[in-house]
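Dropping the structure in here first, questions after.
Computed from the coordinates by the stated procedures, all read-outs in this text should not be read as laboratory data. In this text, all values refer to a predicted model and were calculated from it rather than measured experimentally. Cβ coordinates were reconstructed from backbone atoms using ideal geometry, including for glycine residues, and neighbour counts include every protein chain displayed.
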Amino acid sequence: MARPDRISVAESNRRAWNQAAPVHRETQFARLVDGFSTPGFSCLAPTETGLLHEIGIEGRAVAQLCCNNGRELLSVKNLGAGECVGFDLSDEFIGQARELATIADLDVSFVREDVYSIPPTYDGRFDLAYVTIGALCWLPDLDEFLRVVARLLKDDGSLFLYDMHPILGMFECADRGIPLPRYSYFKAEPFVELGGIDYYGGTTYESAPSYCFQHPLGAVFSACLSSGFVVTHFKEYDKDISSLFEHFEPLDTTFPLSYTLVARKV
Ligand SMILES: C[S@@+](CC[C@H](N)C(=O)[O-])C[C@H]1O[C@@H](n2cnc3c(N)ncnc32)[C@H](O)[C@@H]1O
């Protein structure tokens, strides 16, 4: 199968994420409205919060790439960040993010944009590029993505990555019991899904094709290094953050389920 080009991937994924938005809203939004009605609310895990404080978040300008409904960026703002701008491909999720910003009464901007096409007006504006759970896998070209990250950052700015471990790309989340690898860790062709993207409720529905990509950790490191970053922190965890593989956590023969990586622009 020919690898679809980046523009077709983005357009199909935009439609698929727009279709997922009301489905996620059904199960997630009321809880978020409730949370963000309280000043200072954060939905972030302690691991992430601790690391953000360690590298310094107070007053820092933050861009979140693939921000979805904005729950994480609004939480980052509540940790004391300065200017915050979230970018996402999906019209519907950007709409939800703006609603939550209004409810939280927070000055955070949300921009509907393909991360590969973020306009130069944002260049050199941010101390931190914040990329979290389930973002990288939607991006067909990691090297180009890291070049975008580099241009958005100020000199000395950092990339902050908190993501599911790519080893999970080898498994089907519906499989239970002893994990059985089904796909190559180095799978080059995208995963194509026609049954929707409901990783919260597990429902299926007819959807525009969504394309996601397997990026081995080596590819993540290589993209950072070739785009002029120095990796200053990297840690793996046996905690699932994807909502899909929690059943792997209690296994004795465990493997990494998530990771954090910080890389400084040099
Ligand atoms: C799994 S969600 C991120 C979830 C978020 N980290 C959270 O935990 O709330 C992935 C997001 O990436 C966005 N996305 C996918 N491809 C994109 C692209 N090329 N540019 C911008 N956003 C993109 C989707 O619209 C979706 O909102």
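Where the convex hull is taken over the Cα atoms of the range 48-176, what is its projected area averaged over directions, in nm²?
8.9 nm²
While we're here: Per-residue HN-Hα couplings for the range 163-176, Karplus 6.51 cos²θ - 1.76 cosθ + 1.60 at θ = phi - 60°, whole Hz, x for Gly and Pro?
Working through the residues one at a time gives 9, 5, 6, x, 4, 5, x, 7, 10, 9, 5, 6, 5, 10 Hz.
Cysteines of the chain lacking any other cysteine beta carbon under 4.7 Å?
Cysteines of the chain left without a disulfide-compatible partner: CYS43, CYS66, CYS67, CYS84, CYS173, CYS224.
For the chain, what's the relative contact order in percent, using C-alpha pairs closer than 8 Å and at least 6 residues apart?
Reported relative contact order: 19 percent.
Measure up LYS77/LYS154; LYS239/LYS265; LYS235/LYS265; LYS77/LYS187; LYS154/LYS239 against 26 Å on the Cα-Cα distance and list the ones that go over.
LYS239/LYS265; LYS77/LYS187; LYS154/LYS239
Given a cut-off of 27 Å, what percent of all Cα-Cα pairs of the chain lie beyond it?
For the chain, the fraction of Cα-Cα distances above 27 Å is 36 percent.
Which residues' amide hydrogens lie under 5 Å from the amide hydrogen of GLY157, considering only partners 5 or more residues apart or on another chain, with H built in the peptide plane?
For GLY157, the qualifying residues are LYS265.
If you don't mind, another one. How far apart, in nm, are two points set 7 Å out from the Cα along the Cα-to-Cβ line at GLU206 and at LYS154?
5.1 nm
Here is a follow-up. Which whole-Hz ³J(HN,Hα) couplings does the range 197-206 yield from phi under the Karplus relation 6.51 cos²θ - 1.76 cosθ + 1.60, θ = phi - 60°, glycine and proline marked x?
10, 9, 6, 8, x, x, 7, 10, 7, 6
To the nearest Å, what is the center-to-center distance of the range 170-191 and the range 93-159, using C-alpha atoms only?
When both Cα centres are located, 29 Å separates them.
Further question on the same structure: What ³J(HN,Hα) values, in whole Hz, does the Karplus curve 6.51 cos²θ - 1.76 cosθ + 1.60 give for the range 31-45 when θ = phi - 60°, with x put for Gly and Pro?
Computed from phi, the couplings for the range 31-45 are 5, 6, 4, 4, x, 6, 6, 9, x, x, 4, 9, 9, 7, 6 Hz.
Could you list which residues have their amide H under 5 Å from that of CYS84, counting only those 5 or more apart in sequence or on another chain, with H placed in the peptide plane?
Answer set, sorted by chain and number: VAL62, SER109.
To continue, here is another question. If amide hydrogens are placed 1.01 Å from N in the peptide plane, which non-local residues have theirs closer than 5 Å to the one on GLY201?
none
Ignoring everything except DSSP H segments at least 4 long, calculate the 222 nm mean residue ellipticity for the chain; use -39,500 (n - 2.57) per segment, divide by total residues, nearest 500. Present the calculation step by step, with values, prior to reporting the outcome.
Working: 6 runs with 84 residues, N = 266.
Calculated from helices alone, the mean residue ellipticity at 222 nm is -10000 deg cm²/dmol.
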